[in-house]
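Let me begin by presenting the structure, written as structure tokens, before commenting on it.
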Amino acid sequence: MFDVKPYIEKGVFRQLQDINYFKQVKPFFCGITWPNEQDLSADTIACELKQVEIA
């Protein structure tokens, strides 16, 4: 699981607080991006992934 909460409080990422905009996410060069060019790289995502146990 990757938690975007720490990112959506800052700068250009604040737009991601709008759930309709957030849902427009697309894969982009092994990372993810939104229409207004906010993006998270694969390295950032990989460094902050957290394992979740499924019951």
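For Lys10, which aspartates and glutamates qualify as cross-link partners when the Cα separation must be under 18 Å and same-chain residues fewer than eight apart are set aside?
Hits, sequence-local ones excluded: Asp18, Glu37, Asp39, Glu48.
Whole percent per 5 Å bin, from 0 to the bin with the longest distance: what is P(r) over all C-alpha pairs of the chain?
4, 18, 27, 26, 16, 6, 2, 0
Quick one: putting +1 on the C-beta of Lys and Arg, -1 on the C-beta of Asp and Glu, what dipole do you get for the chain around its Cα centre, in Debye to the nearest 20?
140 debye
Rounded to the nearest 500, what is the chain's calculated 222 nm mean residue ellipticity when only DSSP H runs of at least 4 contribute -39500 (n - 2.57) each, over all residues?
About -4000 deg cm²/dmol.
Would you calculate the separation in nanometres between label points at Asp3 and Phe28, each defined as 7 Å from the Cα along the Cα-to-beta-carbon direction?
2.4 nm
Order these peptides, 22-35, 41-54, by their mean beta-carbon neighbour count within 10 angstrom, highest first.
22-35, 41-54
With unit charges on the beta carbons (Lys and Arg positive, Asp and Glu negative) and the dipole taken about the Cα centre of the chain, which residue among Phe22, Thr44, Thr33 sits farthest to the positive side?
Going by the charge dipole, the pick is Phe22.
Kindly sort Glu9, Glu37 by accessible area of their heavy atoms, largest first, with the probe set to 1.4 Å.
The ordering from most to least exposed comes out as Glu37, Glu9.
The values are calculated or read from the model by the stated rules, or taken from the named source; none is laboratory data. Everything quoted here is computed from the prediction, not taken from an experiment. Glycine also receives a Cβ, built like all others from the backbone with ideal geometry; neighbour counts cover every protein chain displayed. These accessible areas exclude ligands, DNA and RNA; they are computed on the full protein's heavy atoms, side chains included. Shrake-Rupley method; radii C 1.70, N 1.55, O 1.52, S 1.80 Å.
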